[in-house]
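Notes follow the structure.
Any read-out appearing in this document is the output of simple, stated calculations on the displayed coordinates, not a laboratory observation. Here the structure is a predicted model, which is why all the values come from computation and not from measurement. Cβ placement follows ideal geometry from the backbone for every residue including glycine, while neighbour counts extend to all protein chains displayed.
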Amino acid sequence: MRTFGVVGNSLRHSFSAQYFKEKFLKEGITNTEYLNLELENISEFKGLIKKHKFAGLNITIPYKKSILPFLDEISKEAKIIGAVNTIHFNNDKLIGYNTDYIGFLYSIQPLLKGRDKALILGDGGAARAIKYALTKLGVKYKTVNRNTAFDYLDIKRETTSYYTIIINTTPQGTFPEISGYPKIPYEYLNKDNLLFDLIYNPYETKFLAYGKAKDAQTKNGLEMLQIQAEESWRIWNL
């Protein structure tokens, strides 16, 4: 039996387990399991990997950065990003990768259509992978966050005209707190804007709905997650 899983703090609404279970069934992949592995603290990780013989793991919130000291090797991209969401167990070595940036890059690339400047809402762990992907795509970006020099209140009409891409990397609007949304001036948006939300549950957040009401193009994070999951699978089967 090959064992895979996702390590996080709260996995009740995890995408990964259901996705891989359906993948194994659909593709006839047998003798394989994918587990939800909740840890109260990342210090429990060593005990976890002693209990199971893993072939690969995904790492999710809030451990994408704190997992780094437990790894034997880290890919070049994950080192630059400073976060790992995929671990390959190879010859007793734990090798860390970041597939989040790949999922985002391939999901947003077809929508750019000449847009080359982005506002990134939030500056947490998720934003690190987004910044790396935007740099690879040649898209300039500015971070909007209460802890940075540029706050939500600093967004003016000329800001949304210049930075035509707006990416939500915050958890605001995630199920079950679906009434939340980033407090940007949606009245300034128009058909030239692209709003990308890393959230996939609900399918359409208020952030995206408010953008759509102003004729902005919108996309949620579901395809991004699907792409990063497939990239994790590819890495585990190297």
(request) Compute the signed sum of charges (Lys and Arg +1, Asp and Glu -1) over the other residues within less than 13 Å, Cβ to Cβ, of E44. (result) +1
(request) Using only alpha carbon positions, build the gyration tensor of region 121-188, then give the equivalent ellipsoid semi-axes as the square roots of 5 times its eigenvalues, largest first, whole angstrom. (result) 19, 17, 11
(message) Return the Rg/Rh ratio of region 2-98 with Cα-based radii and a Kirkwood Rh.
(response) 0.96
(request) Could you work out the equivalent-ellipsoid semi-axes for region 102-224, taking the square root of 5 times each eigenvalue of the Cα gyration tensor, largest first, in whole Å? (result) 18, 17, 15
(request) Would you mind calculating the gained length between N31 and M1 on full extension (0.36 nm times residue separation, minus the Cα-Cα distance), in nm to one decimal? (result) 10.3 nm
(message) Beyond 31 Å, how much of the Cα-Cα pair distribution for the chain remains, as a whole percent?
(response) 25 percent
(message) Can you give the FRET efficiency to the nearest 0.05 for L153 and S10, using r as the Cβ-Cβ distance and R₀ = 35 Å?
(response) 0.65
(request) Any of K21/K53; K79/K191; K26/K183; K79/K183 with alpha carbons more than 30 Å apart? Name them for me. (result) K79/K191; K26/K183; K79/K183
(request) Take R2, R234 and order them by how many other Cβ atoms sit within 10 Å, fewest up front. (result) R234, R2
(request) Within 10 Å, count the other beta carbons around each residue, average over each peptide in 137-144, 121-128, 161-168, and list them highest first. (result) 161-168, 121-128, 137-144
(request) Please give the contour-minus-distance gain from I178 to K212: 0.36 nm per residue of separation, less the Cα-Cα distance, rounded to one decimal in nm. (result) 10.6 nm
(request) Note down the Stokes-Einstein diffusion coefficient of region 163-229 in µm²/s, whole number, using a Kirkwood radius over alpha carbon pairs, 10 °C, and 1.306 mPa s. (result) 134 µm²/s
(message) From the mean inverse distance of alpha carbon pairs (Kirkwood) and the Cα radius of gyration, derive Rg over Rh for region 45-127.
(response) 1.06
(message) Can you show me the helix-derived [θ] at 222 nm for the chain, built from DSSP H runs with n ≥ 4 at -39,500 (n - 2.57) apiece and divided by the number of residues, rounded to the nearest 500.
(response) -9000 deg cm²/dmol
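If we count other beta carbons within 10 Å of each Cβ, what is the order of E204, E187, fewest first?
E187, E204
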(request) Can you tell me the order of 22-31, 65-74 when each peptide is scored by its average per-residue count of other Cβ atoms within 10 angstrom, highest first? (result) 65-74, 22-31
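Can you give the translational diffusion coefficient of region 20-68 in µm²/s, computed by Stokes-Einstein from the Kirkwood radius over Cα pairs at 20 °C and 1.002 mPa s?
Once the numbers are plugged in, D ends up at 171 µm²/s.
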